[in-house]
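Inspection log for the structure reproduced underneath, given as structure tokens.
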Protein chains: 2
Amino acid sequence: MADRAETQEAIKVQGEVVRKLKAEKASKDQIDVEVAKLLELKLRLGGDDVKHQFVLKTPKGTRDYNPKQMAIREKVFNTIVSCFKRHGAETIDTPVFELKETLTGKYGEDSKLIYDLKDQGGELLSLRYDLTVPFARFLAMNKISNIKRYHIAKVYRRDNPAMTRGRYREFYQCDFDIAGHYDPMIPDAECLRIVSEILGELDLGDFHIKVNDRRILDGMFAVCGVPDDKFRTICSTVDKLDKMCWEDVKNEMVKEKGLSEEAADMIGQYVSMQGGMDLAVRLLEDPKMSQSKQACAGLSDMKQLFSYLELFQVTDKVVFDLSLARGLDYYTGVIYEAMLGPAGATPPPPPPPQAGAPKAEESLSVGSVAGGGRYDGLVGMFDPKGRAVPCVGVSIGVERIFSILEQKAEAEKVRTTEVQVLVASAQKNLLEERLRLVTELWNAGIKAESMFKKNPKLLSQLQHCEESGIPLVAILGEQELKNGMVKLRTVATREEVRDSCVCVCVCNSLIAIKSRQC
Amino acid sequence: MADRAETQEAIKVQGEVVRKLKAEKASKDQIDVEVAKLLELKLRLGGDDVKHQFVLKTPKGTRDYNPKQMAIREKVFNTIVSCFKRHGAETIDTPVFELKETLTGKYGEDSKLIYDLKDQGGELLSLRYDLTVPFARFLAMNKISNIKRYHIAKVYRRDNPAMTRGRYREFYQCDFDIAGHYDPMIPDAECLRIVSEILGELDLGDFHIKVNDRRILDGMFAVCGVPDDKFRTICSTVDKLDKMCWEDVKNEMVKEKGLSEEAADMIGQYVSMQGGMDLAVRLLEDPKMSQSKQACAGLSDMKQLFSYLELFQVTDKVVFDLSLARGLDYYTGVIYEAMLGPAGATPPPPPPPQAGAPKAEESLSVGSVAGGGRYDGLVGMFDPKGRAVPCVGVSIGVERIFSILEQKAEAEKVRTTEVQVLVASAQKNLLEERLRLVTELWNAGIKAESMFKKNPKLLSQLQHCEESGIPLVAILGEQELKNGMVKLRTVATREEVRDSCVCVCVCNSLIAIKSRQC
């Protein structure tokens, strides 16, 4: 206790700050921040005055998953993992934090959103911001030059959360990536096929996938007369086209970023173009575009990509869209983003901003549920000799998908356990018999439970079955015990059978229930 | 850039520090720490001089999982989750970090091992230290008074890692807990049954589970004349009995902790006792023990526990052992710990400490693979009105289990993908046909792949099947294509069949392979 009096003084001051904010009706966020500081000070003092003063909440931008949400999550993950496995992927895992320097210089402006750990002696650490950079670090560290892998794990961004729309500070990513030197566009096309399979199987309604290419964007900027050093900033303005109208985007380019009106108008013409292989062919013959070597390389590859997409039967889902410009620094070739709704539809208007919350900058546009692209340079940034391992991958935006499915399931009953049979008793003093029977069921691998009470009422046992959707109940009574029998009731139909072997009986009944459901 | 010159100066100084340590042949850990500081300084400057100077590693005490390790991990998790589900558990998830104050005051001396996040404005956060405290916070926050849940997730401890023995700073916990007001010892007994099922199914060889009770320990200390304020510290010395001989433990009690020799000797007599229900009965009649109300309550429950364990058929695995004293502050009743090896066996000697690493303090004793107990007061610490929710639970030490199974699998070939068929070609220029066929297989839900090359050699395609254990290969050739047929080869036997429908053909072959393996 270096200076108890000093801490007490600080508590007094901080208390004033909180009171003032409350009086001023400041935003909840602001107040929370100051209250947290106050509690931290009180904790330093210790003692009973802090007891029961806990703010009972999860950290800002995070949430717990309750059993129902977990049941939905499990179903979504199963669909996604099945698809990844169908395409021959292995899986890896990496630590939740990395050396700080591993993440440095990979995310451009977004780096300010990285969570750092406190320096408690030892290495400087940061929570992972995505799964792509750890993957590249893993490849370089283990000198792996080709792999098809998936990785499902949480990532962390100190962003402004918009939780109703599935935007959190802690959120899952489901990544599938293909690393290796291969013939152009074959792995890229498989990634798009995978997105299409997953979104189709998750039954989220109509969707479409926009594709573009970093080289086409850069070539376009060059031929439109954008100075080299403005490519990135103009690119990030173009990226806003899914949320802003062209006039506002143009305004930002010209007034804020100092681009000539002429150049902006030329960009405006290109970014309004959408199509398929035909558009790539047309642009290859465009007098301006064809002057850029970069653009031509991108356009030839786009043509090739569409020929493979045709074979993979997904051209109806994919649109070549020159306005697509994903933010991350590390993309070098094809980029794509999947959106719910039919192609060309206007995205739904964003909900009104929450009171007090500053307007969130979106990193994924409204309706976006997957995204990715080619990043051929990232692994080389980690390799001591700069050896490149070309990569292409896709990340499924599962949080948004969870949100949609949770909303759909709001009124539904979702089973959160898999119990097949409850061992119940109709009379008192049968605890031992129940425990003996439930043990027999567990021994046979049957999912079973019995209530943790000595003498539960039959009604409450039956209610438990109804509430948790348990299909069968084995009811013990003295008569049955005398005869060495057990009575098994199907909860839904109230049909009853008696048998001497409960395990056989349960298995038969489960089969019967299943066949009725089919 | 506040002060570039200052940073450059600091880099110079820090460079000297590193050079000096290297010259002195200081420990690797020490050097790593200083190198990390140096790199951090260089990062502040930015620029090209840091490029390719990455320390290519994961943070201290953490590791990546490669595909083979993941395949083992998946198998272990499947076994554990199946067991939890067989016992009717739901699952939840919580954020990886909690408000710092949520963790404060829950872990006693171990609190120093908690990872804090850097204060970047906003709330003060810490990485979760276990899954029990977040569970209690979840129950209080959602006013849940009964639930049977499992939670599998990573937890974080700034401990001295001993990675060869499966001790990491980031590690998985697999927790199963039962919350609610129930008749005594029924849920407690089910937890022990679960540990027994899981360790049996994981096929780790012989094992046994020690049980004791916080109340028996406290009662024992009281009747042996340990002053109230020394219970905790004497308890933590007793906890070392699995790694130290009695003489050393006694020495620590008497010389370091100032206990009377007489009291220590009395404790020595009790903590050498092991048994089953018989021991509980005997101690209930022990003239000294029976004077403590607490001890009697614990001993009666222990008797009851063993009667349920009998019904659950696990008494051969469980030993009532008065020397078991688990460290965590929050236990209030039964405690248990599972160890590999037969009951009463001396644990294997710990491996020699690694050069440079300080001697690790063990929080789990050698050979321990699961542990848990009853904690009836924890949820009440979070509830604004102090409402108690009694809980009992168990945590499976999967990292140690992974280590054991990884060592076992070292020489074995473990499949890391599930691909059923590779679509190959015997001649050149058949890429389109391959992609068309692999699409047909994906459409039918078959796990299939084709190489990402325009013209792969047949030999390299067959080698790929051998290496990754793909059982079938569909070989396209011009002759087959002309006839609208496909040739399917079973890789292991080289048997070949020709058919016009590849999907039917693959399914039949897979069934044939499976039946041969049975």
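No lab work stands behind these numbers, since they all come straight from the coordinates. Note that the structure is a prediction, hence the values are computed from the model and not measured. So basically every Cβ, Gly included, is an ideal-geometry build from the backbone, and we count neighbours across all protein chains shown.
Summary of computed values
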read-out	value
Of A:Lys143/B:Lys454; B:Lys154/B:Lys408; A:Lys28/A:Lys413, pairs whose Cα-Cα distance is over 29 Å	A:Lys28/A:Lys413
Cα gyration tensor shape of region A:124-242, rounded if a/c is under 1.5, else prolate or oblate by comparing a/b with b/c	rounded
Nonlocal amide H pairs with B:Ser425, under 5 Å, H built at 1.01 Å	B:Leu476
Shielding by other protein chains, A:201-213, mean Cβ within 10 Å	0
Peptide-level mean, for B:120-128, of C-beta atoms on other protein chains within 10 Å	6
Phi to ³J(HN,Hα) by Karplus 6.51 cos²θ - 1.76 cosθ + 1.60 over region B:451-465, Hz, x for Gly, Pro	6, 7, 10, 5, 10, x, 6, 4, 4, 5, 5, 5, 4, 4, 4
Shape call, region B:189-321: gyration tensor on alpha carbons, a/c limit 1.5	oblate
Qualifying lysines (Cα of each under 17 Å from Cα of B:Lys12; at least 8 residues distant if same chain)	B:Lys20, B:Lys22, B:Lys37, B:Lys42
Nearest 10 degrees, 0 to 90: helix A:67-86 Cα axis against chain A principal axis	60
Residues of type lysines that A:Lys257 reaches as a straight line, Cα spacing below 16 Å, ignoring anything fewer than 8 places off in the same chain	A:Lys230, A:Lys240
Cα-based equivalent ellipsoid of region A:366-518: semi-axis lengths in Å, sorted from largest, via gyration tensor	51, 19, 15
Per-residue [θ]222 nm for chain A (sum of -39500 (n - 2.57) over DSSP H runs n ≥ 4, rounded to 500)	-12500 deg cm²/dmol
Extension gain from A:Asp278 to A:Lys25, taking 0.36 nm per residue of separation minus the Cα-Cα distance	85.3 nm
Loop trypsin sites (Lys or Arg not before Pro), region A:203-295, which have at most 15 other Cβ atoms in a 10 Å radius of their Cβ (DSSP)	A:Lys243, A:Lys257
Note, ³J(HN,Hα) from phi for region B:166-177, Karplus 6.51, -1.76, 1.60, rounded to Hz, x at Gly and Pro	x, 9, 10, 8, 10, 8, 7, 10, 10, 10, 10, 9
Under-5 Å amide H pairs with B:Glu90, H placed in peptide plane, nonlocal only	B:Lys148, B:Arg149, B:Tyr150
Globularity ratio of region B:231-298, using Cα Rg and 2.2 N^0.38 Å	1.18
Average beta-carbon neighbours from other chains, 10 Å sphere, peptide B:33-40	4
Chain A: C-alpha gyration tensor shape, a/c 1.5 cut-off, then a/b vs b/c	oblate
In degrees, nearest ten, helix B:431-443 long axis to first principal axis of chain B (Cα)	40
Region A:432-494 versus region B:96-149: alpha-carbon centroid distance in Å	37
Rounded to 10°, Cα long-axis angle of helix B:293-311 versus longest principal axis of chain B	40
Counting DSSP beta bridges with both ends in the protein assembly as shown, the antiparallel % (nearest 5)	80
Karplus-derived HN-Hα couplings along region A:258-268 (A = 6.51, B = -1.76, C = 1.60, θ = phi - 60°), whole Hz, x at Gly and Pro	x, 7, 5, 4, 4, 4, 4, 5, 5, 4, x
Average projected area [Cα convex hull, region A:64-137], square nanometres	7.2
Amide H partners (placed H, <5 Å) of A:Lys57, local residues excluded	none
Chain B: antiparallel DSSP beta bridges as a percent of all, rounded to 5	80
